[in-house]
Every structure is written in C-alpha cells, then in structure tokens.
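The values are calculated or read from the model by the stated rules, or taken from the named source; none is laboratory data. All values derive from a computational prediction rather than experimental measurement. Backbone-built Cβ (ideal geometry, glycine too); neighbour counts: all protein chains shown. Ligands, DNA and RNA are stripped out before the accessible areas are found, and what is left, the full protein with its side chains, is counted by its heavy atoms. Shrake-Rupley method; radii C 1.70, N 1.55, O 1.52, S 1.80 Å.
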Amino acid sequence: MVMGNKTYQQIYQKWQDDPEGFWAEAAQDLSWDRPWDQVLECESAPLYRWYAGAKTNTCYNALDRHVEAGHGDRTALIYDSAMTGAVKKFSYDVLLNQVAKFAGVLEGLAVKKGDRVLLYMPMIPEAVMAMLACARIGAVHTVVFGGFAAKELAKRIVDAEPKVIISASCGLEPGKVIAYKPLLDQAIDLAQVALKTVIVERPECPATFIDGRDYKWDDVMTSANAVPCVSVNSTDPLYILYTSGTTGAPKGIVRDHGGHMVAMDWSMKNVYAMSPGDVYWAASDIGWVVGHSYIVYGPLIRGCTTILYEGKPVGTPDAGAFWRVIADHKVNALFVAPTAIRAIKREDPKAELLKQYDLSNFRTLFLAGERADPDTVKWSEDILGVPVIDHWWQTETAWSICANFMGIEHIPVKYGSPSKPSPGYDVRIFNDEGLELPPGELGNIVVKEPLPPGAMLTVWKDDKRCIDTYFSEFEGYYLTGDAGHKDEDGYLYIMGRTDDVINVAGHRLSTGAMEEVLSGIVEVAECAVVGVADELKGQQPYGFLVLKNGIKRPNDEIIKAAILAVREEIGAVASFRNAVIVKRLPKTRSGKILRRVMSSIAGREDYIAPATLDDPVILDEISEALIDFKG
Ligand code: COA
Ligand code: AMP
C-alpha cells in the first residue's frame with residue numbers, strides 16, 4: 001500500500017539520482033543556526049562528513065523547537081515502571097526545563113563543549129534528561145548499559161575520559177535491586193581517574209557519597225540555573241556508544257549532531273510513519289543504540305511522545321505487560337527485539353492476556369536487533385492484526401539499512417527478510433574476493449560508500465581502527481560484518497555475523513571478550529566461546545575449555561569459576577551459563593578454531609566436518625563432553 005504520492009521504488013530512485021539533493025531536502029524539516037557549505041564533505045573519505053559548515057544543536061531540535069512552535073503542552077516523555085508501578089508524564093515544557101537545568105549543573109561542574117560525560121543508569125527519566133543536557137551544551141555523552149560489570153565500565157571510562165559520570169543508586173531487575181553505586185566506585189578505582197559524579201538516589205536503595213566527588217541529583221538540581229543551547233558544528237560529536245567487536249576492547253562508535261538528527265527525523269517519518277503527537281515506544285534500553293535512536297532522539301526530534309519503560313516483557317508482572325503499556329498510553333508503534341515476543345509467546349501462547357486491553361490505537365509492530373524468525377513474525381501478526389515489520393540495522397548505522405517503509409509504502413512482507421534497502425544504502429553481496437554475487441548466493445553484506453547521514457563518524461580516538469575494521473576489506477565499501485543474500489526482487493536476508501560477535505536476546509556481545517576472561521583462569525590452557533542457537537534468546541554463549549596438564553581442581557569447580565568470572569568481569573548481560581571441558585579444540589590444519597562446527601554440535605544441528613579439520617576424532621570428543629554436561 002502506498003502512503004503518499006510516491007512508491008518505495010520511486011523514493012529510492014530519487015536518492016540514487018541525486019543523493020546530496022535528497023539529503024539536503026530531508027534536512028529542511030530541522031532547525032539550523034547556520035546552513036551547510038557542503039551537504040557531503042568527502043575530504044576525509046571513507047570517513048565522510050554530512051552538512052559540513054552547518055551549525056545546529058540536537059537538543060534544540062528535540063525540545064526547544066517544539067516548545068517555540070507552541071507545542072510545550074504536548075507530552076514528550078512517559079516513564080512507566082513495571083518494577084515500581086510509577087507512571088510519570090513530562091510535557092515538552094517540563095522536560096525542556098529539567099534538561100536546561102541539568103545542563104546548568106553540568107556547566108557548574110566545569111563540563112564544556114567537547115568534554116565527555118558518561119552515563120551508567122537504569123531506565124529512569126533522569127537518564128534521558130542527562131543525555132539531552134549533554135547535547136544542549138555540546139558535551140559528548142557515552143551511555144554504558146547497566147548490565148555491564150565494573151571492569152567493562154572501567155574500560156569505557158579509560159577510553160572516553162569523562163569529566164563527569166551520571167549514575168543512580170540502583171537499577172531494578174525482577175526480584176532484585178542491583179546496586180549501581182558500588183559498581184561505579186569499583187570502576188572508578190580500576191580506571192584510576194579523577195572526576196565528579198552526579199547520583200540519582202532511588203528510594204529502593206541508598207547510596208554512599210564521597211565528599212567533594214559525588215553529588216546528589218536532587219541537591220544539585222535545586223540550585224541549578226537553566227542554560228540555553230550551545231551552537232555546535234553539524235559534524236561535532238553528539239555521543240560515543242561502545243559496541244562489541246572481535247576483541248575484548250569495545251569500539252567507541254562516534255555520532256555527529258547534524259547527520260544524526262536528519263536520519264532520526266527521516267526514519268521516524270518514513271520507516272515508522274510517525275507524525276508529531278504520535279506515541280512511539282521502543283522497548284529497549286538507553287544503553288543500546290535502539291535506546292539512543294528511538295527512545296530518546298528520534299521520537300523527540302519528530303515531536304512525538306516517547307515511552308521509557310522500566311520492566312520486562314514477562315514477569316513484570318506477566319506476559320500482558322506490553323499490551324498494558326500500549327493500551328494505557330495509546331501507543332501507535334512498538335519497536336522491540338524478537339526475543340521479547342518469543343518470551344511473551346512462551347508464557348501466553350494463545351495471547352489470552354491481550355484480550356484484557358484496548359489496542360485500538362496500535363498501528364505497527366517493528367522488530368530488529370536480531371533475526372526475526374518467521375514463526376515469531378506470523379504469531380505477532382495473528383494476535384495483533386497489524387503489520388509486523390522486520391528491519392535490519394546496527395550500532396554503526398543508528399538507523400535501518402533495510403526496512404519496509406511504512407511512511408512511504410508497505411511493500412509485501414517476505415518472512416525471514418527485513419525487506420529492502422533504505423535510501424542512502426546501496427547494499428551488495430560480495431564473496432571473500434570482493435566479487436559481487438548473484439541473487440540467492442550467500443556472501444558478505446557490504447554497503448557502497450558513502451554511508452548516509454546518521455552513520456558513525458569514526459571510532460573514538462581511532463580513525464585507523466575504524467578504517468581497518470570497516471573500510472579496508474573491500475575498497476569503496478563498508479563491511480557490515482553480517483552475512484546474507486538478496487533474492488531476485490531485491491529483498492535482503494541476514495543470516496548471521498561473519499566475525500566473533502554473537503547476539504544474545506538482542507544484545508550484541510563479543511565472544512573474544514569472554515575468551516579473554518576465560519583465559520585468565522589459571523587452569524585454562526586454551527578456550528573458545530561460540531554462540532549456540534537458542535529458542536528464546538536467539539543465541540546463547542557456550543564456553544569450551546581445554547585444561548592444562550596435571551590440574552587438581554575438580555572440573556565442575558572450574559566450570560563454576562568460569563561462569564562466575566564472565567559474570568563478574570563482563571556482566572550478567574552476557575548470560576554466560578554454559579561451559580564444558582574438552583580435551584582439545586577442533587582446528588584446521590593451519591590452526592584456525594572451527595567455531596561454526598562447535599556451535600552446530602552444541603546446538604544439536606547437522607553439520608559437515610570440514611575437509612581441513614586436522615583430526616576428525618575431536619568432534620566426537622566434543623559431542624561426548626556435551627552429553628556429559630548437565631547444563
Ligand atoms: N542492569 C543490570 N542487570 C541487567 C540489566 C540491567 N539493565 N539487564 C539485564 N540484566 C541482567 C538480568 O537481571 C539477568 O541477570 P541474571 O543472570 O542474574 O538473571 C541477565 O542480565 C540477563 O538478562 P536478560 O537478557 O534480560 O535475560 P532474562 O533471562 O532475565 O530475560 C528476556 C529474558 C527475554 C525477558 C529478556 O532478555 C528481554 O526482555 N529481552 C528483550 C531484549 C531487548 O530488549 N534487547 C534490546 C536490544 S534492541
Ligand atoms: P547492534 O549493533 O547491537 O544493533 O547489533 C547489530 C547486529 O544485530 C547486526 O549486525 C545483525 O547481526 C543483528 N541484527 C540487527 N537487526 C537484525 C535483523 N533485523 N535481522 C537479522 N539480524 C539483525
């Protein structure tokens with residue numbers, strides 16, 4: 001169904017015919033303090049810059065612009081906590097006031113344009129306020145997901161060198177209060193840095209404050225002065241968001257002000273079909289890119305109401321929680337990881353709980369973050385009776401590389417495919433030698449340079465790492481790290497990663513980082529972590545440990561120690577619960593570990609032993625070890 005006067009194909013063609021004209025037009029909806037000299041600056045290619053020479057401010061476009069246009073009464077943010085039962089609504093007026101005051105607090109702590117501010121926060125309104133306050137004064141925020149442990153947090157503190165950290169006394173997980181402040185204290189000690197902190201003290205858990213270093217949010221806000229937006233370059237950094245790569249050192253993906261806000265506005269309008277005043281809910285976490293793009297920036301830039309949900313799809317209190325939120329707040333579109341839908345389906349397969357709620361305002365369900373399996377898509381369509389849209393994107397891109405564009409044309413859904421490329425993305429499938437493959441053939445998914453507005457500027461402090469990781473394999477193309485194929489009609493199919501990244505419940509994790517932790521256990525001589533197919537979470541990490549000779553400690557104790565070490569060093573979010581001890585790891589004759597085969601054996605999937613395997617007996621040994629393993 002075509003929504004406007006142009007089809008998807010016509011819009012995509014329009015972009016192909018005149019990319020710069022296309023993005024110049026898209027930028028007209030936003031407010032600029034100074035126009036750009038060039039829509040696209042190519043001097044630092046492959047690290048291109050959008051709207052070079054322009055001045056703007058993302059916070060201004062997300063808040064002030066709407067208030068100045070007379071929409072201050074409109075609800076900007078609804079905080080709904082299934083953990084505490086609290087529901088709080090903030091109009092654009094009120095949110096702007098709070099953000100401007102917190103920006104004043106940051107200035108009072110000597111934070112200036114370009115300084116970094118790190119956030120380690122649960123899903124509470126202060127987190128959104130702090131992000132926008134940074135944007136307001138041109139400070140660069142870096143949000144670290146609350147499920148990461150102190151050591152991972154410390155790595156990010158060391159890399160980003162924040163002047164101030166904003167945190168809370170605790171996060172709330174079902175049945176437990178996670179005290180964040182002790183983790184933060186430990187991380188600051190590990191990082192050995194001098195900085196200030198602002199802590200939101202929640203009623204569920206008091207925090208200990210260090211005099212002269214830690215400030216209480218409520219105290220500093222009482223005396224704060226609201227400050228205006230600082231005009232920044234379009235190409236200045238708005239945020240750094242760390243994401244997992246092949247090694248244990250996370251990559252700090254850097255995003256700009258100008259390109260990002262255009263991408264957010266364009267995608268809210270054209271992918272999600274959102275108009276100002278609509279209610280949009282991304283059930284993710286502000287610690288992930290989905291949270292940055294579609295809990296905070298996208299909906300607010302577009303003038304929508306955004307939902308900040310603190311809770312889970314199931315167990316808070318039941319599998320009807322999402323339907324309750326949609327009904328209570330008249331949500332028009334929900335964006336969620338397929339895992340959440342699978343969790344609901346497992347608890348309430350006939351969607352009985354749905355009958356209690358009025359979902360008459362609900363228009364579309366969007367899925368991303370991991371592969372949307374056809375069963376989950378079909379089940380959602382059946383129970384909800386609305387279009388269910390799979391779309392594919394990454395931290396690096398900030399918005400969809402492929403989607404079904406509900407604001408342009410709802411093209412026929414093909415199950416298992418996130419549909420077609422967004423304008424801005426020329427997506428190709430290459431074999432390992434860089435030759436383009438015909439439809440149906442599996443290969444590396446790449447995107448022709450330049451990437452569109454919204455895509456990363458670079459890796460923080462490391463242009464070389466950015467170029468080496470993403471732009472060196474195939475000259476002139478961005479390497480997505482995903483494998484897949486296209487069909488005859490141009491639909492993309494994403495089949496999995498080509499690197500050591502795994503996807504657990506929509507969370508992107510590095511097996512390399514887990515292997516680094518396991519290698520630190522004294523008895524471990526060698527190890528491998530692989531992602532194994534899991535019905536609920538998409539993938540689960542499995543560790544395979546080879547022990548040194550003459551080890552005295554019993555195997556089950558070593559396994560317990562391994563599981564604990566990953567939890568303590570990476571965090572609970574890694575969901576590392578499975579490890580087995582094996583005699584050897586299967587390798588090729590050249591010494592490469594055969595991870596895919598190990599993953600298939602652990603997932604009880606069929607596999608073909610590669611001809612390059614140095615000793616086929618090893619595969620039987622691994623199967624036996626897994627049979628003995630009690631989970
Ligand atoms: N702060 C602290 N700990 C956190 C956390 C946070 N923000 N988020 C998760 N954790 C912890 C959990 O408490 C859990 O700890 P445990 O091992 O002690 O039980 C662990 O990390 C794993 O959490 P989770 O991935 O949520 O798994 P689960 O088994 O508790 O719940 C689902 C399963 C399917 C309900 C849950 O994974 C889910 O809601 N998935 C949706 C995923 C999503 O929205 N992804 C965003 C990407 S778009
Ligand atoms: P993240 O950077 O955390 O958003 O994770 C990005 C990765 O998640 C992608 O590179 C894919 O591997 C995977 N992914 C995201 N969306 C989809 C999707 N719709 N289908 C398949 N895989 C997806």
query = Given the structure, is Gly571 in contact with a Gly (Cβ under 7 Å, 6 or more places away or on another chain) and in contact (Cβ under 8 Å) with a residue 40 or more places away in the chain?
reply = yes
ask   = Within the stretch 472-508, which residues are of a type in the set (Phe, Trp, Tyr) and open to solvent by 20 Å² or more (accessible area, probe 1.4 Å)?
value = Tyr477, Tyr493
inquiry  = With the structure loaded, tell me whether Pro174 is free of Cβ contacts under 8 Å to residues at least 12 places away in the same chain and under 18 Å from Met121 (Cα atoms) or whether it fails that test.
reply    = no
ask   = What do you reckon, is Asp556 of a type in the set (D, E, K, R), surrounded by fewer than 17 Cβ atoms within 10 Å (Cβ to Cβ), away from ligand 1 (no atom under 16 Å from the Cβ) and in the same structural domain as Arg596 (by TED's automatic domain parsing)?
value = yes
ask   = Where in the stretch 86-174 are the strands (runs of 3 or more DSSP E), entirely inside, with at least 2 residues that are assigned by TED's automatic domain parsing to the domain that holds Thr197, in contact with a Ser or Thr (Cβ under 8 Å, 6 or more places away or on another chain) and farther than 30 Å from Gly512 by Cβ?
value = 87-91
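Rundown of residues vs (1) of a type in the set (A, V, I, L, M); (2) assigned to a loop (DSSP other than H, G, I, E, B); (3) in contact (Cβ under 8 Å) with a residue 40 or more places away in the chain; (4) within 11 Å of ligand 2 (Cβ to nearest atom), yes/no style:
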residue	(1), (2), (3), (4)
Gly424	no, yes, yes, no
Glu433	no, yes, no, no
Glu441	no, yes, yes, no
Asn444	no, no, yes, no
Tyr478	no, no, yes, no
Glu488	no, yes, yes, no
Leu509	yes, no, yes, yes
Gly512	no, no, yes, no
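Residue-by-condition table, conditions (1) farther than 15 Å from His260 by Cα; (2) in contact with a strand residue (DSSP E or B) (Cβ under 8 Å, 6 or more places away or on another chain); (3) not in a loop (DSSP other than H, G, I, E, B):
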position: Asn5; (1), (2), (3): yes, no, no
position: Lys14; (1), (2), (3): yes, no, yes
position: Ala24; (1), (2), (3): no, yes, yes
position: Ala27; (1), (2), (3): no, yes, yes
position: Ser31; (1), (2), (3): no, yes, no
position: Leu40; (1), (2), (3): no, yes, yes
position: Ser44; (1), (2), (3): yes, no, no
position: Tyr51; (1), (2), (3): no, yes, yes
query = Are any residues in the stretch 175-195 more than 15 Å from ligand 1 (Cβ to nearest atom) and assigned to a loop (DSSP other than H, G, I, E, B), and if so, which ones?
reply = Gln192, Val193, Ala194, Leu195
remark   = Matching residues in the stretch 40-76 (among the aliphatic types (A, V, I, L, M) and either under 23 Å from Ile307 (Cβ atoms) or over 27 Å from the mean Cα position of the chain (by Cα) (or both)) number 6
query = Are any residues in the stretch 363-381 part of a helix (DSSP H, G or I) and of a type outside the set (A, V, I, L, M, F, W, C), and if so, which ones?
reply = Pro374, Asp375, Thr376, Lys378, Ser380, Glu381
inquiry  = Out of everything in the stretch 1-40 that is open to solvent by less than 40 Å² (accessible area, probe 1.4 Å) and without any contact (Cβ under 8 Å) to a residue 24 or more places away in the chain, what residue ends up being nearest to Phe474 (Cα to Cα)?
reply    = Val39
ask   = So which of Ala403, Ala372, Ala343 ends up being buried (at least 24 other Cβ atoms within 10 Å of the Cβ) and not assigned by TED's automatic domain parsing to the domain that holds Asn270?
value = Ala372
